[in-house]
């Protein structure tokens, strides 16, 4: 699924969940959940990161909360992804 297509903003590939996870890709014992945030004509990546042992198993809950919070911010700004 691709959202965010417009002449002023590049297309952003978004998976079906709206967020992505990493497990030790940059630092062996760190995990992150990330999602895009559209503000005006800019797009930012926002992540929740922490120790793998604390976050593992909570990806879905964290991802849903992150996506919900970013949608609220986009709504407040008047422009979304």
Next item on the list: Starting from the stretch 52-81, take each residue that is over 21 Å from residue 25 (Cβ atoms) and list its partners that are in a helix (DSSP H, G or I) and modelled with pLDDT under 90, counting only C-beta distances under 8 angstrom and pairs at least six apart or across chains.
Entry: 80/74; 81/74
Next item on the list: Hey, can you tell me all the residues within the stretch 18-33 that are surrounded by fewer than 17 Cβ atoms within 10 Å (Cβ to Cβ) and either under 12 Å from the mean Cα position of the chain (by Cα) or under 18 Å from residue 76 (Cα atoms) (or both)?
Entry: 22
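The values are calculated or read from the model by the stated rules, or taken from the named source; none is laboratory data. The model shown is predicted, which means the values in this text are computed figures rather than measured ones. Methodologically, a virtual Cβ is constructed for each residue, glycine included, from the backbone with ideal geometry; neighbour enumeration extends over all protein chains shown.
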